[in-house]
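**Q** If you scroll down you'll find the structure; I have some questions about it.
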Amino acid sequence: MNTICIMCPMGCPLEITESGNVIVVKGNTCKRGTDYGVQEYSAPKRVVTSLVHTETGKVVSVKTAELIDKKIIFNVLDALKNIRIKLPIKIGDVIIHNVCGSGVNIVATSSIE
Amino acid sequence: MKYDVVIIGGGPAGMAAAISAYEQGSSVAVFERDTRLGGILNQCIHNGFGLHYFKEELTGPEYAERFRAKVKDSNIAVYLEAMVLTIDKENMTITAITPSCGFMEVEAGAIILAMGCRERTAGAINLTGTRPAGVYTAGMAQRLSNINGYMVGKKVVVLGSGDIGLIMARRMTFEGAEVKMVLELMPYSSGLKRNIVQCLDDYNIPLKYSYTVTRIVGRKRVEGIFIAPVDEKLRPFTDKEEYVECDTLLLSVGLIPENDLVSGMGIEMSPITAGAVVDENRQTSLKGIFSAGNVLHVHDLVDNVSAEGAIAGVAAAKYAKGELIEGKAYAAIAEKGVRYVLPQKVYSGAGKVKLYFRVGAVYKNARLIVASGGENVVTKKYMILSPGEMESVELDKSKINGDIVLSLEV
């Protein structure tokens, strides 16, 4: 796969391949690029931030409390779309436990009364 | 009514300034036009804030809450839904209107401008065509989506690859919209690499460099747009126009410090930053009036905004007490490749001063040279410098023996 390293503003174009059981990163100009390339190739992860609707129509901003597998981002978003939460909500309140079986909670990032 | 320090704007710069001034023992008032403190951070629900300031990655509302909580714990007076109307520089008073107090006149020992910036609009970039609904600045769309819970469109094109545009491309995708493409007039993006990868590449949204929108089509609602590549002078090749069907156009085409309140006051302004010319205390050319955050110069990291607010807060508190010591002044000047330096004036004395600067183009393997009185006092190597990333260099004040010049050696 091809991607751009995001570890610094250089933005080295990375070419990542697998031969045998070894992941080979090419195009980087420093060690951080190798680590990033291996991570992006083997198990890319992201923090997902989005919104949930409340019963009153207001929205509350939320995030995954930790990094989640990039592959399940849209499953997580679907889970968020289907709920209507009750107010008040405080920063850090758990909105969904163990979202999509990821072991990661969805937590509120804003307090709404 | 009188306060030692009056702060106009309750975003990240204003909140940091307020807390720092308060910690100096000053009586402080913040005037904020929104219904709560936090400014634009409240609508920036994505993460990536605070890595430098808090050493952890927060979303915008979380970052804002850290400061809001500190303000709440203090005796800082906060006026919400407040509109500051005028500043009287001779008497050091401001007038404002708030729902709770009506019209009010407030005396100030020092004033800090922290009004932030606003987005350039379709008019600002001379966008032609019809004027239907569906053309938004990216930040406006962000507010409608993230604060009000509205979906602004279903088929979206983003013009401009600044960070807000990139973030909104992902946000709209998350809300179920089809983001067809992001167009960038320049051959490079002013947005962070991380945002290009995680907001566009992750969702297969194409980014077309050296492209612009030539016309908007649609009577009541946007029906589509014409796009075209541009030449090196940024003029579109009209014979290469193509039509893109969409119902929404988001503009992420630059930010302008919101200095309308002080226009005509006689504050010396920088034509490059569109903010005030300031000294290392972030004091403007008018004594007792300070400026910090995006109203001073547009930042890319809120962490730097908070740091700047804190500098202004401490200095304004000292000024109000008559304890601000300045020393001999020297100019800080940008040359060869460096677009601007801030502050534009530094003082001799003890300790260190941090100079923030931006470059004019992308430079690889460049050396920054800081000279004072014709002598090189600091050199710093960079693998890359880009216009989108503000850099800083620290200078030992004992080495200052003349005007300071920052230049690049490529």
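The values are calculated or read from the model by the stated rules, or taken from the named source; none is laboratory data. In this text, all values refer to a predicted model and were calculated from it rather than measured experimentally. Using ideal geometry, Cβ is built from the backbone for each residue, glycine included, and neighbour counts are taken over all protein chains shown.
Matching residues to (1) modelled with pLDDT under 95; (2) more than 14 Å from chain A (Cβ to nearest Cβ):
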| site | (1), (2) |
| --- | --- |
| B:Phe67 | no, no |
| B:Val71 | no, yes |
| B:Asn75 | no, yes |
| B:Ser100 | yes, yes |
| B:Met115 | no, yes |
| B:Tyr136 | no, yes |
| B:Arg143 | no, no |
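**Q** Also, quick follow-up: Is at least one residue of segment B:31-42 at pLDDT below 95 and in a strand (DSSP E or B)?
**A** no
**Q** Considering only segment B:49-65, state which residues are crowded, with 16+ Cβ neighbours inside 10 Å and more than 9 Å from chain A (Cβ to nearest Cβ). Reasoning before the result, please.
**A** First, pick out the residues of segment B:49-65 that are crowded, with 16+ Cβ neighbours inside 10 Å: B:49-50, B:53, B:58-65.
Listed by number, the residues that qualify are B:Phe49, B:Gly50, B:Tyr53, B:Tyr63.
**Q** Return the total of residues in segment A:21-65 being loosely packed, with under 14 Cβ neighbours inside 10 Å, facing chain B (nearest Cβ under 9 Å) and closer than 24 Å to B:Thr173 by Cα.
**A** Summing the residues that are loosely packed, with under 14 Cβ neighbours inside 10 Å, facing chain B (nearest Cβ under 9 Å) and closer than 24 Å to B:Thr173 by Cα in segment A:21-65 gives 1.
**Q** Another one. For A:Val104, indicate whether it is more than 30 Å from B:Met151 (Cβ to Cβ), among the aliphatic types (A, V, I, L, M), in contact with an Asp or Glu (Cβ under 9 Å, 6 or more places away or on another chain) and surrounded by 12 or more Cβ atoms within 10 Å (Cβ to Cβ). Let's see the steps before the verdict.
**A** Working: more than 30 Å from B:Met151 (Cβ to Cβ): no; among the aliphatic types (A, V, I, L, M): yes; in contact with an Asp or Glu (Cβ under 9 Å, 6 or more places away or on another chain): yes; surrounded by 12 or more Cβ atoms within 10 Å (Cβ to Cβ): yes.
When the stated conditions are applied, A:Val104 does not pass them.
**Q** Oh, and also: When you check A:Lys81 against the structure, is it at pLDDT below 95 and under 22 Å from B:Asp202 (Cα atoms), yes or no?
**A** Details: at pLDDT below 95: yes; under 22 Å from B:Asp202 (Cα atoms): yes.
For A:Lys81, the condition - at pLDDT below 95 and under 22 Å from B:Asp202 (Cα atoms) - is met.
**Q** I need the full set of residues from segment B:154-170 which are in a loop (DSSP other than H, G, I, E, B), surrounded by 20 or more Cβ atoms within 10 Å (Cβ to Cβ), more than 14 Å from chain A (Cβ to nearest Cβ) and on the phi < 0 side of the Ramachandran plot, in order please. Spell out how you get there, then give the answer.
**A** Keep residues of segment B:154-170 that are in a loop (DSSP other than H, G, I, E, B), which gives B:154, B:160-162.
Pick out the ones that are also surrounded by 20 or more Cβ atoms within 10 Å (Cβ to Cβ) and you get B:160-162.
Narrowing the set further to residues that are more than 14 Å from chain A (Cβ to nearest Cβ) leaves B:160, B:162.
The one that is in a loop (DSSP other than H, G, I, E, B), surrounded by 20 or more Cβ atoms within 10 Å (Cβ to Cβ), more than 14 Å from chain A (Cβ to nearest Cβ) and on the phi < 0 side of the Ramachandran plot: B:Gly162.
**Q** Looking only at segment A:1-54, count every residue that is at positive phi and out of contact with any strand residue (DSSP E or B) (no Cβ under 6 Å at 6 or more places or on another chain) and tell me the total.
**A** 1
**Q** Is it true that A:Cys12 is under 22 Å from B:Gly388 (Cβ atoms), touching a residue at least 24 places away in the same chain (Cβ under 8 Å), surrounded by 15 or more Cβ atoms within 10 Å (Cβ to Cβ) and within 12 Å of chain B (Cβ to nearest Cβ)? Please lay out each step first, then the result.
**A** Values: under 22 Å from B:Gly388 (Cβ atoms): yes; touching a residue at least 24 places away in the same chain (Cβ under 8 Å): no; surrounded by 15 or more Cβ atoms within 10 Å (Cβ to Cβ): yes; within 12 Å of chain B (Cβ to nearest Cβ): yes.
So A:Cys12 does not fit the description; no.
Residue by residue, here is whether (1) more than 14 Å from every other protein chain (Cβ to nearest Cβ); (2) not basic (Lys, Arg) holds:
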site	(1), (2)
B:Gly129	yes, yes
B:Ala133	yes, yes
B:Glu175	no, yes
B:Arg194	no, no
B:Lys208	yes, no
B:Thr214	yes, yes
B:Phe226	yes, yes
B:Pro229	yes, yes
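**Q** Go through the residues of segment B:140-149 one by one and say whether even a single one is among the small types (Gly, Ala, Ser), surrounded by fewer than 17 Cβ atoms within 10 Å (Cβ to Cβ) and in contact with a Gly (Cβ under 8 Å, 6 or more places away or on another chain). Spell out how you get there, then give the answer.
**A** Step one: of segment B:140-149, the residues among the small types (Gly, Ala, Ser) are B:141, B:145, B:149.
Still in the list and also surrounded by fewer than 17 Cβ atoms within 10 Å (Cβ to Cβ): B:149.
The next check asks that each one be in contact with a Gly (Cβ under 8 Å, 6 or more places away or on another chain); those that pass are B:149.
Yes, segment B:140-149 has at least one match.
**Q** What tally of residues in segment B:209-241 results from selecting those that are charged (D, E, K, R) and in contact (Cβ under 8 Å) with a residue 60 or more places away in the chain? Spell out the reasoning first.
**A** We begin by selecting, within segment B:209-241, every residue charged (D, E, K, R); these are B:215, B:219-221, B:223, B:231-233, B:235, B:239-241.
Those still in the list that are in contact (Cβ under 8 Å) with a residue 60 or more places away in the chain too: B:215, B:219-221, B:223.
So the count comes out to 5.
**Q** Right, something else. Working only within segment B:188-201, note down all residues that are more than 15 Å from A:Ile73 (Cβ to Cβ) and at pLDDT 90 or above. Reasoning before the result, please.
**A** As a first pass, look at segment B:188-201 and keep what is more than 15 Å from A:Ile73 (Cβ to Cβ): B:188-196.
Passing the criteria: B:Asn195, B:Ile196.
**Q** Continuing with the same structure: Can you report the number of residues in segment B:19-37 which are within 18 Å of B:Glu323 (Cα to Cα) and not hydroxyl-bearing (Ser, Thr, Tyr)? Talk me through it step by step, then tell me what you get.
**A** Let us first name the residues in segment B:19-37 that are within 18 Å of B:Glu323 (Cα to Cα), namely B:20-28.
Narrowing further to those that are not hydroxyl-bearing (Ser, Thr, Tyr): B:21, B:23-25, B:28.
Residues in segment B:19-37 being within 18 Å of B:Glu323 (Cα to Cα) and not hydroxyl-bearing (Ser, Thr, Tyr): 5 in total.
**Q** Any residue at all in segment B:135-143 that's outside the structural domain of B:Val278 (by TED's automatic domain parsing), of a type in the set (A, V, I, L, M) and free of Cβ contacts under 8 Å to residues at least 12 places away in the same chain? Step through it out loud before you land on a result.
**A** From segment B:135-143, those outside the structural domain of B:Val278 (by TED's automatic domain parsing) are B:135-143; that's our starting set.
Right, trim to of a type in the set (A, V, I, L, M) and you get B:135, B:138, B:140-141.
After this cut, where a residue has to be free of Cβ contacts under 8 Å to residues at least 12 places away in the same chain as well, the list is none.
Among the residues of segment B:135-143, not one is outside the structural domain of B:Val278 (by TED's automatic domain parsing), of a type in the set (A, V, I, L, M) and free of Cβ contacts under 8 Å to residues at least 12 places away in the same chain, which makes the answer no.
**Q** When the residues of segment B:171-196 are filtered to those that are in a strand (DSSP E or B) and charged (D, E, K, R), which remaining residue is surrounded by the most Cβ atoms within 10 Å (Cβ to Cβ)?
**A** So in segment B:171-196, the residues in a strand (DSSP E or B) come out as B:178-184.
Narrowing the set further to residues that are charged (D, E, K, R) leaves B:178, B:180, B:184.
Numbers: B:Glu178: 13, B:Lys180: 18, B:Glu184: 24.
Going through the qualifying residues, I end up with B:Glu184.
**Q** Another question, if that's okay. Would you mention how many residues in segment B:378-391 are more than 14 Å from chain A (Cβ to nearest Cβ) and either surrounded by 13 or more Cβ atoms within 10 Å (Cβ to Cβ) or closer than 30 Å to B:Ser161 by Cβ (or both)? Walk me through it before giving the result.
**A** Taking segment B:378-391 and keeping what is more than 14 Å from chain A (Cβ to nearest Cβ), we get B:378-380.
Subsequent filtering for residues that are either surrounded by 13 or more Cβ atoms within 10 Å (Cβ to Cβ) or closer than 30 Å to B:Ser161 by Cβ (or both) retains B:378, B:380.
Total meeting the criteria: 2.
**Q** With the condition being more than 24 Å from the chain's Cα centre (by Cα) and surrounded by 19 or more Cβ atoms within 10 Å (Cβ to Cβ), I'd like the strands (runs of 3 or more DSSP E) fully within segment B:197-270 carrying at least 2 qualifying residues.
**A** In segment B:197-270, B:211-217, B:224-229 are the strands (runs of 3 or more DSSP E) which contain 2 or more residues that are more than 24 Å from the chain's Cα centre (by Cα) and surrounded by 19 or more Cβ atoms within 10 Å (Cβ to Cβ).
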